[in-house]
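**Q** Sending over a structure as structure tokens; questions will come in a sec.
The values are calculated or read from the model by the stated rules, or taken from the named source; none is laboratory data. This one's a predicted model, so the numbers in the text were calculated from it and none came from an experiment. Counting neighbours? That spans all protein chains shown, and the Cβs are built from the backbone with ideal geometry, glycine included. Areas reflect the complete protein model, heavy atoms only, side chains present, ligands, DNA and RNA absent. Shrake-Rupley method; radii C 1.70, N 1.55, O 1.52, S 1.80 Å.
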Amino acid sequence: MTDELVMPRLSDTMEEGTIGRWLKAEGDEIHEGEVIAEIETDKATMEFQAYSDGTLLKILVSDGETAPLGSPIAIVGEPGESVPEDAAAAPKKKEKKAREPERAPAEQVPAAPPPAPAVVAGNGSGGGALKVSPIARRMADEAGLDLSALAGTGSGPEGRIVKADVERMLAGGGAVAAPVALAPSAPAVAAPPAAVVTEAEVRELTPMLKAVATRMAHSKQTVPHFYLTSEIDMTRAVELRKELNEALSASGEKVSLNDLIIRACAMALVEHPQAHRSYVDGNHVYHPHANVAMAVALDDGLIVPVVFEADVKTVRQIARETRDLASRARSGGLRQREIEGGTFTVSNLGMLDVSSFAAIINPPESAILAVGNVTERAVVVEGQIVPRSMMNATLACDHRACSGADGARLLQTIKRLLQGPAALLA
Amino acid sequence: MADMTYREALRRALDDELARDPDVFLMGEEIGRFQGSYKVTQGLWDKYGPKRVRETPISEAGFLGAGVGAAMMGLRPVVEIMTINFILVAMDQVINHAAKVRYMFGGTVGVPLVIRTPGGAGAQLTAQHSQSLEAWFAGCPGMKVVAPASPADAFGMLKTAIRDDDPVLFCENLVMYNVTGPVPDDPEFTVPLGKAAVVREGRDLTIVAHSYTVQRALRVADHLALDGVETEVVDLRSLRPLDIDTVAESVRKTNRALVAEEGWSTYGVGAELAARIHRICFDDLDAPVERVGQAEVPMPYSKPLELAALPLESKIEAAARGLLRDCGVL
Amino acid sequence: MARAAHSEEGVLQDADTARRLFRTMALIRRFEERTEEQYTRARIGGYCHLAIGEEASTVGAIDALQEGDCLFASYRDHGTALAVGSSPAAVMGELFGKQTGVAHGRGGSMHLLDASRRFFGGWGIVGGHLPIAVGAALALEHRDEPHAVLCQFGDGATNTGAYHEALNLAAVWNLPIVFQIINNQYGMGTSVEQSSAEPELFHRSCAYRMHGERVDGNDVLEVREAAERLLAQAREDRKPSVLETVTYRFRGHSVADAGKVYRTAEEIDSWRRRDPITRFGLLLTERGVLTADDIDGIWKDVAAEVKDAIDDALEAAFPDIDTLYEHVYGDPDWESQFSHMQAGAPFGERGEARSWQT
């Protein structure tokens, strides 16, 4: 019975071996344990030993020839045995490093044209792809909404359209509303006459309105409010405003009464730290600067951007800021950091003819000033009845943060500054 | 039902199982006369003696390996590694041995071993003593890794782990030992491995967490509620097996996910959850999954630096707010 | 594995034991030589560590084990498995990666075992199994079983941390275990002198006030006598000990290593001349326990046994790939525990396919 010797695995990475030289010739006897050939592997030349006794009948792969691992390299058997005809030699290469000749370069197949950009759902223009979150896209698809109108103006990063945007679209909200974190206080504004509705319509609150609702309810439930009212003579403030606007007319800048009020509050707050501090978790937190927030009404809702460090800003600076903030508030362009961090709020409903009102404190602030309209009224000055521009201001305070006297002192200073407004320019 | 601390719940579970099964025994440093470095095993040495509550020298590789060997022989050892930081010197015994034995040996022998160990940070214990390494083990086939976040779960899951025939890494937390909660009296009360729990329901955001981070997540949820955001908090309870079904169900509802952990986010629990959530809930997502973990630094000593590095509520909340802003909410 | 004889003389009087010792060593030798051949035929993959030359150290000690004793070994464990009584076909089957292998093809050369005979492997990490062996001894102690553990490992393992922790624990807790250092004088390519501050390895037990002794690892009777004595001490007195058996491996560390880069031809030859099997055969024929024909007969017998083992292993089936995930976990509840982890996994499942099942 003849047996094949195959190219042995002599290193764990070898895939083929080359016969360095046979140490035995055809017809020789071989014994178990004898080294019968030297084989070159990828790592080194190794000794190939016989694992059993026998006679080397035929060499299939000669010196210098290469064969893959496991392919037959010789036949062994009993002396004189005939070798089977079909003892095929493994494919041999003369040169261990010989490679197949390079094929003629195949005909160049023209590359397929790049696929047309996928048409994005809702993007009629077929231009750049619309950035939409997966859930927003799904909701829009399900509702048959065309999102192209919102392209690039979604609430997500880089204008990505997100679920909230689609929700607003579905609710008929129109323009994307600005994000809201702190909802300021304001009593319900008299709504424009609504269309007559025969059946009650139930609409879920948008996140912004929900936030306002939760915040205000929480404030009313947990903050012990008390209220102080004052009548402030704004005559000189009105005059100052006129003068300032004349001086600034060239630059197009305008100062409003509200800007003067904000400046007055800021200066007063730093003068009265006990009326400025906040009550938080059993501690009083003293603020180094007065960050005065101003309430801006939206079509449906409210937003309260902050004028930071108003105590060290000029009236002109404040005016510029409030103008920018108000305009961006209405267009939905406010950033989160612009509506957080306030230490006091001014809420002005004078433009809607309210003469006086009491506002709800916006925690963690500890006070809010509600001002009404400026009207000409008859007042007594040094025994004479004279017409003066008067404004009602109501200060709501958190009794855990300040006492009645603290609040009163603050309000007194605000009044003094507005009635002697040159001080605001100091 | 009785209120007790997480620590007491663990002790009761150990006591019950020691009484129930003579093959159960404890091994660890200072668990006997010293009553346990975190007092989990207090009283057990007095009650069961030194053979059932076996104190060891400082030889984690030695006694954790011994736990593997004893388990292979059919006993049920519960090995305590004083803190998860010290498991590193016995890593070979856990990963190369405990986790591999059953499979490597063709299923002919198993390792019913429990390794109990607390992780966590916040007491200025510095870099080598402040790690949370459970993610490394949760990635290893053959291991089971759990992290109960309440006394009831600690009680029920430790029992299940001890009765389980596979090696379980039972992750406790240093701060949580003092957390109090109700625990059923029934000694047969067990909590299954591989099942997460929704501990707070909400519609706007899902926060996924395990161990002490669950407590932080719940407080963050309270703060967010003041702004009208309702947060759903999922307590994973088990890292391997991982109950991704419960997480996916939540994300399908809220469309927004944040994963918070005490360990490092890079290659952490959050990485695994983010990959799976993206895979399963791709069409439900309003934004990519957010991750919060310890700052990618060795934990510093100085208190302000440590606070800056820890995944405190304020950081989790900031990340949540960032995510909500990206979604036009807040 | 029950033994009657205790002393070398006793063994020489007992022809059955003598024959058994010789035959087992011859079987291991033949098996290992054929294993090397099968490796070069690419039927065995990965690492393959041969025990050629170390037969006496393995067989002598294992022959002293009694039923109920536990055995742990390193990755140079083919001889160990055969000495314990596992079938050569099942061992070769494991080397071929077949379902019929002792670990059903999942372990390979380094992870052989025979749990029914308390042979608990077969371990791949140098020194890693020593604490585990201590754990087994701890279990015997816990259950008050009158048995002992024999833990075999190489000289290289004595430098690992696990070695020291294991010896310390065994000594502090008075565990029934014998640590056998099969010192073949090289840890891979590094000699004992180069790597061990105390090259007389049996001395290292004194750090733990543990008894240690050294014997000629190529004298199967000397090994057997020492092992029997120390195992009895472990069983009866709960005294652990270290037994160093000095031997030599004729081949390299593994099949991939010719063993000639770090050793001289003279050194290898000088040890070959002291071949433990040849030596024992000469002793037995000199003492008239066996004849030269008996010896020849035994060699032919084991050759046939090994050939049959190879044939069986060749014919056997590979494990079904649908069983890939079996035996990762064994708790009866494991499938239910993992049932919620199916989806979104990174290992290729799509759609309905479950990762844990076929």
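**Q** Step through the residues of region B:210-215 one at a time and calculate ³J(HN,Hα) from phi using the Karplus curve (6.51 cos²θ - 1.76 cosθ + 1.60, θ = phi - 60°), rounding each to whole Hz and writing x for Gly and Pro.
**A** For region B:210-215, the Karplus-derived couplings read 9, 6, 4, 4, 4, 4 Hz, x marking Gly and Pro.
**Q** Quick one: go through region A:24-38 and flag any residue whose amide nitrogen is under 16 Å from the point 7 Å out along the Cα-to-Cβ line of residue A:53.
**A** Under cut-off, by backbone N: A:28-35.
**Q** Per residue, how many Å² of accessible area does region A:379-426 show with a 1.4 Å probe?
**A** 45
**Q** Further question: Which is farthest toward the positive dipole end of the protein assembly as shown among A:150, B:263, B:169, measuring Cα position about the Cα centre, with Cβ charges +1 (Lys, Arg) and -1 (Asp, Glu)?
**A** With unit charges placed on the Cβ atoms, the residue in question is A:150.
**Q** Would any residue of region B:198-228 have its amide N under 20 Å from a label point 7 Å out along Cα→Cβ of residue A:285? List them or say none.
**A** B:216-228
**Q** Give me the dipole magnitude in Debye, nearest 20, for the protein assembly as shown about the Cα centre, with unit charges on the beta carbon: positive for Lys and Arg, negative for Asp and Glu.
**A** For the protein assembly as shown, the charge dipole is close to 5020 debye.
**Q** How big is the C/B interface in buried accessible area, both sides summed, 1.4 Å probe, to the nearest 100 Å²?
**A** Buried area (both sides, nearest 100 Å²): 4600 Å².
**Q** Report the charge-dipole magnitude of region A:223-425 in Debye, nearest 20, computed about the Cα centre from +1 at each Lys and Arg Cβ and -1 at each Asp and Glu Cβ.
**A** 220
**Q** Taking H placed 1.01 Å from N in the peptide plane, check which residues at least 5 places from residue A:390 or on another chain put their amide H under 5 Å from its amide H.
**A** Under 5 Å from the amide H of residue A:390 lie the amide H atoms of A:234, A:375, A:376, A:377, each far enough along the sequence or on another chain.
**Q** Give me the net charge for the shell around residue B:2: Cβ to Cβ below 10 angstrom, other residues only, Lys and Arg +1, Asp and Glu -1.
**A** -2
**Q** Please average, across the residues of B:277-286, the number of beta carbons from any other chain that are within 10 Å of each residue's own beta carbon, and give a whole number.
**A** Mean shielding count: 5.
**Q** Just to be sure I understand: if you take the accessible area of chain C alone plus chain A alone and subtract the pair, with a 1.4 Å probe, what total do you get in Å², rounded to 100?
**A** 1100
**Q** Just the number, please: buried accessible area between A and B, total of both chains, 1.4 angstrom probe, nearest 100 square angstrom.
**A** Heavy-atom accessible area buried at this interface is about 1800 Å².
**Q** Just the number please: accessible area per residue for region A:16-73, 1.4 Å probe, all protein chains included, in Å².
**A** 44
**Q** Taking +1 at the Cβ of each Lys and Arg and -1 at the Cβ of each Asp and Glu, which of C:255, C:137, C:168 sits farthest along the dipole of chain C towards its positive end, judged by Cα position relative to the Cα centre?
**A** So the residue we want is C:255.
**Q** Using a 1.4 Å probe on the protein heavy atoms, what percent of the accessible area of the protein assembly as shown belongs to carbon and sulfur?
**A** Taking all protein chains in place, the protein assembly as shown shows 53 percent carbon and sulfur surface.
**Q** Counting other Cβ atoms within 10 Å of each Cβ, which trypsin sites (Lys or Arg not before Pro) in region A:1-87 have at most 13 and sit in a DSSP loop?
**A** Within region A:1-87, the qualifying trypsin sites (Lys or Arg not before Pro) (loop, at most 13 other Cβ atoms within 10 Å) are A:43.
**Q** For the protein assembly as shown, state the semi-axes of the equivalent ellipsoid (square roots of 5 times the eigenvalues of the alpha-carbon gyration tensor), sorted largest first and rounded to whole angstrom.
**A** Over the Cα atoms of the protein assembly as shown, the semi-axes work out to 82, 37, 23 Å.
**Q** Next up: Take peptides A:243-253, C:12-22, B:234-244 and line them up by average Cβ neighbours within 10 Å, highest first, as a rough protection proxy.
**A** Top to bottom by mean Cβ count within 10 Å: B:234-244, C:12-22, A:243-253.
**Q** For residue C:300, what is the net charge nearby, where nearby means another residue's Cβ is under 15 Å from its Cβ and Lys, Arg count +1, Asp, Glu -1?
**A** Within the 15 Å Cβ shell, the charges total -3.
**Q** Nearest 500 deg cm²/dmol is fine: what mean residue ellipticity at 222 nm does the protein assembly as shown get from its DSSP H runs of n ≥ 4 alone, each adding -39,500 (n - 2.57), divided by its residue count?
**A** Result for the protein assembly as shown, helices only: -10000 deg cm²/dmol.
**Q** Under 12 Å from a point 7 Å along the Cα-to-Cβ line of residue B:20: which residues of region B:157-172 have their amide N that close?
**A** Under 12 Å, as judged by backbone N against the label point of residue B:20, lie B:157-164 of region B:157-172.
**Q** Taking the Cα centre as origin and putting +1 on Lys and Arg beta-carbons and -1 on Asp and Glu beta-carbons, what dipole magnitude results for chain B, to the nearest 20 debye?
**A** 520
**Q** Spin-label point model (7 Å from Cα, Cβ direction): what's the residue C:296 to residue C:115 distance in nm?
**A** Result for the modelled spin labels: 4.6 nm.
**Q** Here's something else I'd like to know. In nm, to one decimal, how far is the residue B:189 label point from the residue C:258 one, both placed 7 Å along Cα→Cβ?
**A** Taking the two extended label points, one gets 7.1 nm.
**Q** What pairs in A:58/C:307; B:51/C:239; A:163/B:253; A:220/A:313; B:100/C:98; A:163/A:210 have C-alpha atoms more than 21 Å from each other?
**A** Violating the 21 Å limit, Cα to Cα: A:58/C:307; A:220/A:313.
**Q** Considering every Cα-Cα pair within region A:223-425, what fraction, in whole percent, is farther apart than 23 Å?
**A** So the pairs more than 23 Å apart make up 42 percent of the total in region A:223-425.
**Q** Further question on the same structure: Given a cut-off of under 8 Å on Cα pairs at least six residues apart, what relative contact order in percent is computed for region A:223-425?
**A** So the answer I get is 32 percent.
**Q** Now for a separate question. With every protein chain left in place, what is the accessible area per residue of region B:40-171 in square angstrom, probe 1.4 Å?
**A** Per-residue value: 24 Å².
**Q** Follow-up. Could you work out the local net charge near residue A:267, counting Lys and Arg as +1, Asp and Glu as -1, over the other residues with Cβ closer than 14 Å to its Cβ?
**A** Its environment carries a net charge of +1.
**Q** What are the GluC sites (Glu not before Pro) within region C:28-135 that DSSP puts in a loop, where the Cβ has at most 11 other Cβ atoms within 10 Å?
**A** C:67
**Q** Between residue C:194 and residue C:266, what is the FRET efficiency for a Förster distance of 22 Å, r being their Cβ-Cβ separation, to the nearest 0.05?
**A** 0.70
**Q** Let me ask something else. Once you place label points 7 Å from the Cα toward the Cβ at residue A:274 and residue B:223, how far apart are they in nm?
**A** Computed distance between label sites residue A:274 and residue B:223 equals 3.1 nm.
**Q** Whole angstrom only: what separates the Cα centroid of region A:367-381 from the Cα centroid of region C:109-162?
**A** Region A:367-381 and region C:109-162 have Cα centres separated by 93 Å.
**Q** When the Karplus curve 6.51 cos²θ - 1.76 cosθ + 1.60 is applied with θ = phi - 60°, which whole-Hz ³J(HN,Hα) does each residue of region C:159-171 get, with x for Gly and Pro?
**A** 3J(HN,Hα) across region C:159-171, in whole Hz: 9, 7, x, 4, 4, 5, 5, 5, 5, 4, 4, 4, 6.
**Q** For residue A:205 and residue A:227, what does the FRET efficiency come to when R0 = 25 Å and r is the distance between their Cβ atoms, rounded to the nearest 0.05?
**A** Plugging the Cβ-Cβ distance into 1/(1 + (r/R0)^6) gives 0.35.
**Q** Can you find, among A:283, C:195, C:212, the residue farthest towards the positive end of the dipole of the protein assembly as shown? Put +1 on the C-beta of Lys and Arg, -1 on that of Asp and Glu.
**A** Looking along the dipole axis, the top candidate is A:283.
**Q** So if we plug the beta-carbon distance of residue C:145 and residue B:124 into 1/(1 + (r/R0)^6) with R0 = 51 Å, what FRET efficiency do we get, rounded to 0.05?
**A** Working from the Cβ atoms, E equals 0.60.
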